[in-house]
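Peer 1: Take a look at this one; I'll ask things after.
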Amino acid sequence: LAAACDYLGALGMKKVRAHEVALTQGAMDALVAVPGVTLHGTGSAEARSGVVSFSVKDVHPHDVSTALDAEQVCVRAGHHCAQPLMRALGVQSTVRASFWVYNSAADIARLVAAVRDVLAVMPVETAQAG
């Protein structure tokens, strides 16, 4: 724990937060541009904690997660211990990507490319839907 605190202290927590917000905003911008992808949660990267939850039209989040895993993109899928929120959002579960100091814009590009690959195997009308 002390080593982690020293590491983060050396980076500077303001820089850590700025990096987290920039990556979160980048992921939100890139994912919302993909037809068939719906973002869940606030539209403000500043109000998030490096987490972007989304769903892919007509594809179960666990299937999305499995497909992304096959492309070496790590995400979580499920209700994330937030069943009341899932009910309020009108979804069973979501896919969740998380970003922090060890992530880069390249990770976002890889995530989005993998999501596009998931959509590519779906029927054309599904991939076209927004």
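What follows is calculated from the coordinates using simple rules that are stated; it is not laboratory data. Bear in mind the structure is a predicted one, so any value in this text is a computation, not a measurement. In this analysis, Cβ positions are derived from the backbone assuming ideal geometry, glycine residues included, and neighbour counts consider all displayed protein chains.
Peer 1: Just tell me, in residue order, which DSSP H segments of the chain are both 18 angstrom or longer along the helix axis (alpha-carbon based) and at least 0.5 in mean Kyte-Doolittle hydropathy.
Peer 2: Passing helices, by number: 105-120.
Peer 1: Another one. Counting just the Cα atoms, what span does the chain cover along each of its three principal axes? Round to the nearest Å and put the largest first.
Peer 2: Computed over the Cα atoms, the extents are 50, 32, 24 Å.
Peer 1: Where does the chain land at 222 nm, in deg cm²/dmol rounded to the nearest 500, when only DSSP H runs of n ≥ 4 count, each adding -39500 (n - 2.57), divided by all residues?
Peer 2: Rounded to the nearest 500, it is -16000 deg cm²/dmol.
Peer 1: Separation of the stretch 64-97 and the stretch 1-44 by C-alpha centroid, Å?
Peer 2: 18
Peer 1: Under a point spin-label approximation (7 Å from Cα along Cα-to-Cβ), what is the A3-K15 distance to one decimal in nm?
Peer 2: Taking the simple label geometry, A3 and K15 are separated by 2.0 nm.
Peer 1: Now, a different point. Which FRET efficiency value, to the nearest 0.05, do you get for H60 and D29 by plugging their Cβ-Cβ distance into 1/(1 + (r/R0)^6) with R0 = 35 Å?
Peer 2: 0.90
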